[in-house]
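These notes concern the structure reproduced below.
Every number here is computed from the coordinates shown, using simple stated rules; none is lab data. A quick note: this is a predicted structure, and the numbers were derived from the prediction, not measured. FYI the Cβ positions are ideal-geometry reconstructions off the backbone, even for glycines, and counts take in every protein chain you see.
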Ligand SMILES: Cc1cc2nc3c(=O)[nH]c(=O)nc-3n(C[C@H](O)[C@H](O)[C@H](O)COP(=O)(O)OP(=O)(O)OC[C@H]3O[C@@H](n4cnc5c(N)ncnc54)[C@H](O)[C@@H]3O)c2cc1C
């Protein structure tokens, strides 16, 4: 595990590991997620809490074990949004349904709510208490659930996060463009940028700086657009008139495809 990274002369960086080992590199790619240890070399930006916390859980083998929920969710994603809360689901390739129980709440909620997420039975009941008057089919997404509960507070870097070129180092994935999952693009962008960075390095085998500059020039505007979309989608999802904003968005997508 990387504990610290120190800039040296000539675009080199020394990487220090928790084991006590160190190594020096001429190309450092910080792909170490939201709380990147590499990012401070390039930028002072810090992730900001977006006012929403999720609890992630799963309905396994949903068609067989949870047919009513499976029928409700359908083949893709489902958003049930109201009262600054949400039950958001998507189908996974292995037959499970991922369920996100979403609340507009404080940054400290995960620890201050008093919910012990490891005591899943009691925690599930406490989460149901946030949805007392929701339809039983929706409450079943929490109640009928039989797996772990994983709390996730939602953070993002500022929209348009970028940095000046500093020799020998760049960022990739959430380290570069952490955004809320409400555009569904964080992992997609990370994979795309991994491929594009590799292509840029192959195209400029003897000139790392040109490769990094070209990678960043393409990725910055694309990340900015997706981060803005993610913020906007999160905002409409928890607005007081929800689900109207999401309905408008879906109508817009349908019109574009139409
Ligand atoms: C609830 C939720 C739902 C999401 N849904 C979607 C979706 O539908 N579609 C989508 O495209 N994206 C989605 N995302 C976003 C997606 O999960 C991230 O954008 C993606 O995981 C980013 O990949 P990454 O490799 O940059 O970072 P990470 O997945 O965070 O990986 C970083 C890696 O670096 C390692 N690391 C961290 N610190 C150190 C260190 N100091 N030393 C060594 N190693 C370190 C970590 O162990 C980890 O392996 C979602 C995110 C959340 C929270």
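Please state the relative contact order of region 1-73 as a whole percent: Cα pairs under 8 Å, 6+ residues apart?
For region 1-73, the relative contact order is 19 percent.
Would you kindly give the portion of the calculated P(r) for region 1-48 that falls above 18 Å, as a percent of all Cα pairs?
Working: 309 of 1128 pairs.
More than 18 Å apart: 27 percent of the Cα pairs in region 1-48.
Which number comes out as Rg/Rh for the chain once both Rg and the Kirkwood Rh are worked out on C-alpha atoms?
Values: Rg = 21.1 Å, Rh = 20.5 Å.
Taking Rg over the Kirkwood Rh, I get 1.03.
Cα centroid distance between region 188-225 and region 44-119, in Å?
Distance between centres, Cα-based: 33 Å.
Give me Rg/Rg_expected for region 118-256, where Rg uses Cα atoms only and Rg_expected = 2.2 N^0.38 Å with N residues. Working shown, then result.
Numbers: Rg = 20.3 Å, N = 139, 2.2 N^0.38 = 14.3 Å.
The reported ratio for this selection is 1.41.
If packing is taken as the mean number of other Cβ atoms within 10 Å per residue, what is the order of 43-54, 167-178, 196-207, highest first?
On the way: 43-54: 16.8, 167-178: 23.3, 196-207: 13.7.
Result, highest mean Cβ count within 10 Å first: 167-178, 43-54, 196-207.
Highest first, please rank the peptides 97-110, 73-86, 124-137 by the mean number of other Cβ atoms sitting within 10 Å of their residues. Don't skip to the answer; put the middle values down first.
Details: 97-110: 18.7, 73-86: 16.4, 124-137: 13.9.
In decreasing order of mean packing, 97-110, 73-86, 124-137 become 97-110, 73-86, 124-137.
Multiply the residue separation of residue 225 and residue 191 by 0.36 nm, subtract the distance between their alpha-carbon atoms, and state the gained length in nm to one decimal. Working shown, then result.
Values: separation 34, 0.36 × 34 = 12.24 nm, distance 1.69 nm.
Additional length available on full extension: 10.5 nm.
Can you tell me, using C-alpha contacts under 8 Å and at least 6 residues apart, the relative contact order of the chain as a whole percent? Intermediate values should be presented prior to the final figure.
Values: 433 pairs, mean separation 56.3, N = 258.
Reported as a whole number, the value is 22 percent.
Expressed as a rounded percentage, what relative contact order does region 48-155 have, with Cα pairs under 8 Å and six or more residues apart? The partial results should precede the final answer.
Values: 186 pairs, mean separation 43.6, N = 108.
Value for region 48-155: 40 percent.
Return the calculated 222 nm mean residue ellipticity for the chain, to the nearest 500 deg cm²/dmol, obtained by summing -39500 (n - 2.57) across DSSP H runs with n ≥ 4 and dividing by the residue count. Walk me through the numbers on the way to the answer.
On the way: 9 runs with 98 residues, N = 258.
Theoretical 222 nm ellipticity from helices: -11500 deg cm²/dmol.
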